[in-house]
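Below is one structure, written out as structure tokens; comments come after it.
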Amino acid sequence: MSAPQSEELAAPAWHGPAFNPRQRYTAGLLRLKDGRLSFTSDAGVQFDLPVAELTNLGFSMGDTTLKVTANGTKWRFFFAQPQGASPAVAAGGALAVAGGAAAAVTGTKAIVDSRRVGKAFKQALAAS
């Protein structure tokens with residue numbers, strides 16, 4: 001699946017720091033559009049950068065987790081809602097606005113679904 005840069009790939013995602021003893025996660029919308037990756041939470045746009053400016057980009061846990069450094073900040077995104085985390089549908093209404101691809105994966109919970117979403121992001125990021 002190779003998508004043109006103008007197509008959008010969007011999915012709910014949860015950011016959690018590498019050391020997360022209190023299991024605190026930030027729910028939001030991870031979006032890849034026009035060669036840019038962005039993450040929007042209830043607090044607003046956390047980053048919006050061209051893929052070429054991202055570093056340490058990698059996937060783990062069967063593609064269910066995306067790790068990336070954006071503007072010097074390390075991010076770790078989960079495509080399935082971690083236990084105890086808030087639903088991503090909050091995300092400032094961003095999920096409702098995104099429609100399309102986001103609607104197809106809203107409420108991703110199962111590992112199989114999160115792997116599918118992770119693989120889609122992996123392939124789209126590689127093509128960007």
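Here are a few things to note about the model shown:
- Full extension of the chain between residue 43 and residue 18 gives 7.0 nm of extra length, using 0.36 nm per residue less the Cα-Cα distance.
- Interchain or long-range residues, amide H under 5 Å from residue 13's placed H: 28, 29, 30
- Sorted fewest first by neighbouring Cβ atoms within 10 angstrom, 60, 86, 114 come out as 60, 86, 114.
Coordinate-derived values only; no laboratory data. Small disclaimer: the values here were computed from a predicted structure and weren't measured. With ideal geometry, Cβ positions are generated from the backbone for all residues, glycine too; neighbour counts draw on all protein chains shown.
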